[in-house]
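Written below as structure tokens is the structure these notes are about.
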Amino acid sequence: MFAPAAVAAPTAAPTAAPAAPAAGTAAAAAPDIPVANVKAHLAQLQSIATANGGNRAHGRAGYKASIDYVKGKLDAAGFTTTLQTFSYNGSTGYNLVADWPGGDTSHVVMAGAHLDSVTGGPGINDNGSGSAGILETALAVSRAGLKPAKHLRFGWWGAEEYGMVGSKNYVNSLPSAERSKIDTYLNFDMIGSPNPGYFTYRYDTALDALFRDYFAGLGIATEQDFEGDGRSDHAPFQDAGIRVGGLFSGADYTKTSAQAAKWGGTAGQPFDRCYHSSCDTSANIDDTALDRMSDAIAYAVWTLSAGDTTPPTGTVFENTADVQIPDYGSAVTSDLAVTGQTGNAPAALKVGVDIKHTWRGDLVVDLVAPNGTTFRLKNSSGNDSAPNVQTTYTVNASAVPANGTWKLKVQDVARQDTGYIDSWKLTF
């Protein structure tokens, strides 16, 4: 991990009848990722560092050997690999991108991790752990012969320790049309810390809930990550308007007594006492955290590539009628009539949104409940130049009645870009 540290009338639209349970493609069960396999990759990265001056840093022989090791595994497993080069500090840097054949290439699910270490150590937790976790998940995709609905892509980034240089280079090199095809980027930077925490990236509510619910099934309460804000390879993707999620087991922040009571380990000590140090070796790993985090990566990859962030199991109400959004104009709404439900809406109401727009940063999006309660789904952002809003939000609507007319309210608050509400749905 890098460490410095007057409203227009709504367009008339028919509402759809409630669908039978589960629109979309159900995810195949994700496999258990053998932690022994993940640790075998870490042992190889340790050997590479040992043979190359004790590190795997950008511009050093140990980094290129690390890239070659990962690429060899993926090539043999049937991935299409691309080695991208860039220059930084007078040295050649490398990103490795691996595509699994098949899936809808206009909807890409991508998982990534940085492969470089600092110059002062072998970087086995930071970030051999994330790199090995996604490598073994990719190999599990191959072993399963997975045929995902969405296209799967994995990335290993160079020169992250100098400020996300490799991942920035990758994102900036993509034409805007290609960037817009990446539905989701998941980042895994440090997933085996020896005094571990269980942190989820909080930037996208649905992705946060995906990981939170997974760990809840294991009886583990997660916390949202703040230590890694803007400090790892999710940041360039997020800056480009791509939704991001991820997991993190903690770096040099200190574990509190409450966290130790919840997760075990030692209060008053860093999550990783060897962070950015020579002792970040293969001994600097908590096997249980590494195992759980690697399994969670596979769960996310299998689930997301099937089509939906969290496949719905309840009744789905959907409106597919287009509603034009005026450029720099009044808000418009699309109505959805919900009937046949008992009591209030759920605490985790899923709001699936598909808005086609040439600059989504112009848009403010709200969900309005039948009693007038408004839930802000998306704020405007002058820095978000990517097109389209295609995601699933989760809102706590347990205080409002389920039945009645719900509205998706959208306003374009800046000039020169246009779009329309393509469709939206509620899952109860």
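Selection of first residues in region 271-284 that are at positive phi and of second residues that are at pLDDT 95 or above, restricted to Cβ pairs under 6 Å at least 6 apart or on distinct chains, gives the following pairs, ordered by first then second residue: 276/118.
Please pick out the residue among 313, 288, 266, 254 that is at pLDDT below 95, surrounded by fewer than 20 Cβ atoms within 10 Å (Cβ to Cβ) and of a type in the set (Val, Ile, Thr).
Just a single option satisfies the conditions, and that option is 313.
Considering (1) assigned to a strand (DSSP E or B); (2) within 30 Å of residue 44 (Cα to Cα); (3) among the hydroxyl-bearing types (Ser, Thr, Tyr), the lone condition that residue 334 does not fulfil carries the number (2).
Could you check region 37-58 and list, in sequence order, the residues that are open to solvent by 40 Å² or more (accessible area, probe 1.4 Å) and not in a helix (DSSP H, G or I)? Once the filter is applied, which keeps residues that are open to solvent by 40 Å² or more (accessible area, probe 1.4 Å) and not in a helix (DSSP H, G or I), region 37-58 yields 51, 52, 53. No other residue among 308, 362, 354, 322 is under 18 Å from the mean Cα position of the chain (by Cα) and either modelled with pLDDT under 95 or open to solvent by less than 10 Å² (accessible area, probe 1.4 Å) (or both) apart from 308. Scoring residue 232 on the criteria (1) assigned to a loop (DSSP other than H, G, I, E, B); (2) surrounded by fewer than 21 Cβ atoms within 10 Å (Cβ to Cβ); (3) at pLDDT 95 or above; (4) among the small types (Gly, Ala, Ser) leaves a single failure, condition (2).
If I ask for residues that are at negative phi, in contact with a Ser or Thr (Cβ under 8 Å, 6 or more places away or on another chain) and either in a loop (DSSP other than H, G, I, E, B) or open to solvent by 40 Å² or more (accessible area, probe 1.4 Å) (or both), which ones from region 189-215 would you list?
Hits for region 189-215 are 189, 191, 192, 193, 195, 196, 197, 198, 204, 205, 212, 213.
Figure legend. Inter-residue proximity from region 357-384: first residues aromatic (Phe, Trp, Tyr), second residues open to solvent by less than 50 Å² (accessible area, probe 1.4 Å) and not in a loop (DSSP other than H, G, I, E, B), beta-carbon distance below 6 Å, spacing 6+ or different chains. Indicated pairs: 375/367; 375/395.
Of the residues making up region 234-262, those that are farther than 26 Å from residue 386 by Cα and of a type outside the set (A, V, I, L, M, F, W, C) are 249, 250, 252, 253, 254, 255, 256, 257, 259, 262. Of the candidates 384, 366, the single residue that is of a type outside the set (Gly, Ala, Ser), under 21 Å from residue 207 (Cα atoms) and assigned to a loop (DSSP other than H, G, I, E, B) is 384.
Here's the yes/no breakdown for (1) open to solvent by 30 Å² or more (accessible area, probe 1.4 Å); (2) not aliphatic (A, V, I, L, M):
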{"site": "103", "(1), (2)": "yes, yes"}
{"site": "110", "(1), (2)": "no, no"}
{"site": "113", "(1), (2)": "no, no"}
{"site": "119", "(1), (2)": "yes, yes"}
{"site": "124", "(1), (2)": "no, no"}
{"site": "128", "(1), (2)": "no, yes"}
{"site": "135", "(1), (2)": "no, no"}
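The values are calculated or read from the model by the stated rules, or taken from the named source; none is laboratory data. Predicted model, so just to flag it, every value in this text is computed and none were measured. Backbone-built Cβ (ideal geometry, glycine too); neighbour counts: all protein chains shown. Remember, those area values only see protein heavy atoms, side chains included, never the ligands or the DNA or RNA. Shrake-Rupley method; radii C 1.70, N 1.55, O 1.52, S 1.80 Å.
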